[in-house]
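Below is one structure; the comments refer to it alone.
What follows is calculated from the coordinates using simple rules that are stated; it is not laboratory data. Because the structure is a prediction, the values reported are computed rather than measured. Glycine gets a Cβ as well: all are built from the backbone with ideal geometry, and neighbour counts include every protein chain shown.
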Amino acid sequence: MWQLDDLLREVDFISVGSNDLLQFLFAADRGAPSLYSRYDILSQPVLNLLDELLVTARMAKGGSGVPVSLCGEVASRPLEAMTLAGLGFTTLSMSATGILPVKALLAELDLAAFQPVLKSIRGTTSGAASLRDPIAAWAREQGLAV
């Protein structure tokens, strides 16, 4: 992230490995059961980091941009996939078992309606450990299976 501008000049795409990103960002062993609750991609710091990455990648190479994808188990969870799409991810890589539930949710999602809601949630829940509950509540209000 701290060398992103230099990196984006040299690459054709970026693929974010969510499992490793969370482990490094939270500086905790993801295999330790006592620390598992710390690994929430729907926390404000992670969403801020991913948002910054997407914005910077879009502006790279004179505005032509560098594509960004996300891989890892979080992409295969419908609520997380919905949030990632709301941030601006257009490519998610996941295990085969996650494809149908994620595809079903994204097919029902009004992304244009969700994006300002996500922005509002991110702006009004300062200090919250996770934004999972308000995002899930909005999804349920829309009749989405998360």
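Assorted remarks:
- Cα convex hull of the chain, projected area averaged across orientations, nm²: 9.3 nm²
- The range 122-142-the range 39-62 distance, computed between alpha-carbon centres (Å): 18 Å
- Ordering Ser120, Ser43 by the number of other Cβ atoms within 10 Å of each residue's own Cβ, fewest first, gives Ser120, Ser43.
- Over the chain: helical MRE at 222 nm, DSSP H runs n ≥ 4 each giving -39500 (n - 2.57), nearest 500: -16500 deg cm²/dmol
- Only Lys, Arg (+1) and Asp, Glu (-1) charged, at Cβ; the chain dipole about Cα centre in debye: 200 debye
- In whole percents, the pair-distance distribution calculated for the range 88-146 from its alpha-carbon pairs, binned every 10 Å from zero, is 19, 48, 30, 3.
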